[in-house]
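Report on the structure given below.
The values are calculated or read from the model by the stated rules, or taken from the named source; none is laboratory data. Nothing here was measured: the structure is a model prediction, and the numbers come from that model. With ideal geometry, Cβ positions are generated from the backbone for all residues, glycine too; neighbour counts draw on all protein chains shown.
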Amino acid sequence: MAQARHHKEDAAQHLTAAVQRARSDDTIASVREALAGRELDDTEIVCVVDDNDKLLGVLSFAELFRLPPEMAMREAMRTSPAVLASEDQEKVASIALHFSLNSVPVVDNGRRLLGVVPAKALLHILRHEHVEDIHRLAGITRETSMARRALDTPPMRRARDRLPWLIVGLIGSMLATFVMSRFEAALNEKLALAFFVPGLVYLADAIGTQTEAVAVRGISLSHIGIARMLASELRTGLIIGLVLGGLTFPAVWLAFNDVQLAFAVSVALFVAGGLATSIGLVLPWLLTKLKRDPAFGSGPLATVIQDVLTLLTYFAIVSFLYGH
């Protein structure tokens, strides 16, 4: 197979054709004998194929040496998911995790066996995707060997990788400043309102980051509908916000002797919890629907949205309570 025609991050780049094959009418004993003297790149599974080399099922090596020698492969094998050679490597790894596979069979459009993606390659893929996600969570748009060796990368290249999302963050900070300026009268009348802005923004970002860290990969691997996931995350965020708000209310009331201020901060935390978890889930989901890596929905972009909405919520509550 000419792997050069495939994308560098597809299954074809990781498969090995040196795997043990067997027919469905072969016995366990005959397959064991066929292994003698063979050099295999994968010693996790035996692939059972028909006369046209179409994949019928697989049998692990552990089961091969445990089952009775006279048993036929058709009785011993189990069905196994398979991937096309053009399948993205991340999907290959997700299938391996979901079905607890040490090796993943690779087939063509006619389900003819091409080989398997072995365990070593799966570990390499998982590491690569993990590093890639970390870079994207940090707002770094490139993920290459140079990006992984950050200290060896020229400063200009590093700056170019990091600046795009930081510029988004700069625009967001300007928007947040504009939001605060709309409530200048309230801030002038009660300076204490400004004391809680950094804490509210930080906690909203922290809650959102926790959700993003799970959602950025979970969305692409989970079979649960987005509505159910969103409802679950929203409840989680509101519970977190309720606990944080409950802890904050008496502390602010005692420190500033102002029940309205304590109520405003506590309610803002409660709402921010729900908003942050929802944004942290919805942004990666939207990007998945747009055929983009969901990791791009995290980091600076989500932070900007969370910050602005948290400030709007806080000052809207303040305006209602203080009549501004």
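Brief remarks on what is shown
- Scanning region 28-52 for residues that are surrounded by 16 or more Cβ atoms within 10 Å (Cβ to Cβ), touching a residue at least 40 places away in the same chain (Cβ under 8 Å) and not in a helix (DSSP H, G or I) yields D42, E44, I45, C47, V49.
- Just one of the listed residues (A76, A12) is closer than 21 Å to L126 by Cβ, surrounded by 20 or more Cβ atoms within 10 Å (Cβ to Cβ) and in contact (Cβ under 8 Å) with a residue 12 or more places away in the chain, and it is A12.
- Residue ID - nearest to the chain's Cα centre (by Cα), chosen from residues in region 39-62 that are polar (S, T, N, Q) and over 14 Å from P105 (Cβ atoms): T43
- Test: residue in region 124-136 that is surrounded by 20 or more Cβ atoms within 10 Å (Cβ to Cβ), touching a helix residue (DSSP H, G or I) at 6+ places or on another chain (Cβ under 6 Å), aliphatic (A, V, I, L, M) and modelled with pLDDT of 85 or more: no
- Restricting region 140-172 to residues that are surrounded by 14 or more Cβ atoms within 10 Å (Cβ to Cβ) and among the polar types (S, T, N, Q), the residue that is modelled with the highest pLDDT: T153
- Selection of region 175-201 for residues being at pLDDT 90 or above and part of a loop (DSSP other than H, G, I, E, B) yields only F196.
- Pairs with Cβ under 7 Å, 6+ apart, first in region 101-118 and within 10 Å of A11 (Cα to Cα), second of a type in the set (D, E) and assigned to a loop (DSSP other than H, G, I, E, B): V116/D42
- Residue within region 285-299 that is modelled with pLDDT of 85 or more and among the β-branched types (V, I, T) present: no
- When residues of region 181-198 are limited to those that are within 33 Å of the chain's Cα centre (by Cα) and in contact (Cβ under 8 Å) with a residue 24 or more places away in the chain, the one farthest from G280 (Cα to Cα): F196
- Any chance R127 is without any contact (Cβ under 8 Å) to a residue 24 or more places away in the chain, charged (D, E, K, R) and outside any helix (DSSP H, G or I): no
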